[in-house]
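The structure appears right after this line, and notes come after that.
Rule-based calculations on the coordinates, nothing more; no lab input. All of these numbers come straight from a predicted model, not from anything done at the bench. All Cβ positions, glycine included, derive from the backbone under ideal geometry; neighbour counts span all protein chains shown.
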Amino acid sequence: MGNQLSFTDLEYSNRERKTKREEFLDAMDEIVSWDEIVAEIKPFYYRNARGRRAKSIETMLRMYLLQRWFGLSDEGIEDAIYDSYAMRRFMHLNFLEERVPDATTLYRFKKLLADNGLEEHIFGQIQDGLAAKRLAVKAGNITDAALARR
């Protein structure tokens, strides 16, 4: 999203409190070591040699993590990001500049991670970050993903 605020950001900035989802996603945004994980995926990622320009690795990683944390299908997470301010903000998307990656793009990203044995390593790094702060992710459905003290 950069430093430019959207109209939605301005509207939401005047609320009295954050939602539990926002609190969870803000905490995860700080805990996940984005640069390290992106660097590990980069050697396996598409090179933009032809066709459409690939979405950034971080954008795809953020979408993938949202899907896992909230237990949604590929199409379900795409819709949820459009519907949820907290998720859109976590994705660092500005709808004036770009779209949410579609379900097929997410499927291909997940396949790339699985084919190269990166999934377990990514979640291991995230678990290490949580453990360092003495936290654990409790997941259920879209309304109750949360952090819990250990």
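What shape does region 52-143 take by its C-alpha gyration tensor, where a ≥ b ≥ c are the square roots of the eigenvalues and a/c under 1.5 counts as rounded, a/b above b/c as prolate, and the rest as oblate? Don't jump to the answer; show the numbers that get you there.
Values: a/c = 1.72, a/b = 1.27, b/c = 1.35.
It is oblate, given that a/c is not under 1.5 and a/b is not larger than b/c.
Please rank Phe44, Phe24, fewest neighbouring Cβ atoms within 10 Å first, as an exposure proxy.
Least crowded to most crowded, the residues run Phe44, Phe24.
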Inset, instruction - Any aspartates and glutamates with Cα under 14 Å of the Lys18 Cα? List them, leaving off those in the same chain fewer than 8 positions away. - result: Asp9, Asp26
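Kindly put Asp29, Asp74 in sequence by how many other C-beta atoms sit within 10 Å of each C-beta, fewest to most. Intermediate results must be reported in sequence, preceding the final value.
On the way: Asp29 13, Asp74 18.
Ranking Asp29, Asp74 by Cβ neighbours within 10 Å, fewest first, gives Asp29, Asp74.
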Inset, instruction - State the Cα centre-to-centre distance between region 118-139 and region 82-117 in whole Å. - result: 20 Å
Legend entry - Estimated FRET transfer efficiency when R0 is 41 angstrom, pair Arg47-Arg17 (beta carbons, to 0.05): 0.40
Inset, instruction - Assuming a ≥ b ≥ c are the square roots of the Cα gyration tensor eigenvalues, decide whether region 26-92 counts as rounded (a/c under 1.5), prolate (otherwise, with a/b larger than b/c) or oblate. - result: oblate
Legend entry - Listed pairs Lys20/Lys110; Lys42/Lys111; Lys20/Lys133 exceeding 20 Å between Cα atoms: Lys20/Lys110
